[in-house]
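The values are calculated or read from the model by the stated rules, or taken from the named source; none is laboratory data. Here the structure is a predicted model, which means the values were calculated and not measured. With ideal geometry, Cβ positions are generated from the backbone for all residues, glycine too; neighbour counts draw on all protein chains shown.
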Amino acid sequence: MVAFLAMLIAHAVCDYPLQGDWLSKAKNHNLSLVPGEVIWPHALAAHAGIHAGAVWFLTGSIVLGALEFVAHCLIDWAKCDGRLSYNQDQALHVLCKVVWAVLLAKGLVP
């Protein structure tokens, strides 16, 4: 339960103060913030990497960090594509933390 709560707090820190308005827009593959350049892959990877690093740091599991990276990229891509609402996006991120906490508690991840 402690790991789950820590991951929720880290998620809030990573998604709000550590993301900011520019990164929020730059990770969107439907926007062009720098004319003539494709920047969204770098921005999305950086944002997901911040989240992945927090999960890895808090759980000690690089596997959970990697799962967080992939899940965060996919969820944010779908949100930027208009397939998820803001609330659905946040609910899926929290659900991921539930799954990571269960995997950790059951000793199913290194």
Subject >> Residue that is surrounded by the most Cβ atoms within 10 Å (Cβ to Cβ) [pool: residues in the range 11-35 that are over 17 Å from Gln90 (Cβ atoms) and of a type in the set (D, E, K, R)] >> reply: Lys25
Subject >> Failed condition for Val38, given (1) surrounded by 13 or more Cβ atoms within 10 Å (Cβ to Cβ); (2) farther than 20 Å from Ala12 by Cα; (3) β-branched (Val, Ile, Thr) >> reply: (1)
Subject >> Residue under evaluation Leu33, criteria (1) of a type outside the set (Val, Ile, Thr); (2) out of contact with any Leu (no Cβ under 7 Å at 6 or more places or on another chain); (3) more than 21 Å from Asp21 (Cα to Cα), criterion not met >> reply: (3)
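Report yes if Val109 is surrounded by 12 or more Cβ atoms within 10 Å (Cβ to Cβ) and farther than 15 Å from Ala6 by Cα, otherwise no.
Numbers: surrounded by 12 or more Cβ atoms within 10 Å (Cβ to Cβ): yes; farther than 15 Å from Ala6 by Cα: yes.
Against the criterion (surrounded by 12 or more Cβ atoms within 10 Å (Cβ to Cβ) and farther than 15 Å from Ala6 by Cα), Val109 qualifies.
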Subject >> the range 71-104 - residue that is under 16 Å from Tyr16 (Cα atoms) and of a type in the set (Asp, Glu) and, of those, surrounded by the fewest Cβ atoms within 10 Å (Cβ to Cβ) >> reply: Asp89
**OP:** Scan the range 68-110 residue by residue and report those that are without any contact (Cβ under 8 Å) to a residue 24 or more places away in the chain, aliphatic (A, V, I, L, M) and part of a loop (DSSP other than H, G, I, E, B).
**Re:** Leu84, Leu108
Original post:
Does Gly60 count as at pLDDT below 95 and at positive phi?
Top reply: no
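For (1) in a helix (DSSP H, G or I); (2) at positive phi; (3) charged (D, E, K, R), each residue gets a yes or a no:
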{"residue": "Leu18", "(1), (2), (3)": "no, no, no"}
{"residue": "His29", "(1), (2), (3)": "no, no, no"}
{"residue": "Gly36", "(1), (2), (3)": "no, yes, no"}
{"residue": "Val55", "(1), (2), (3)": "yes, no, no"}
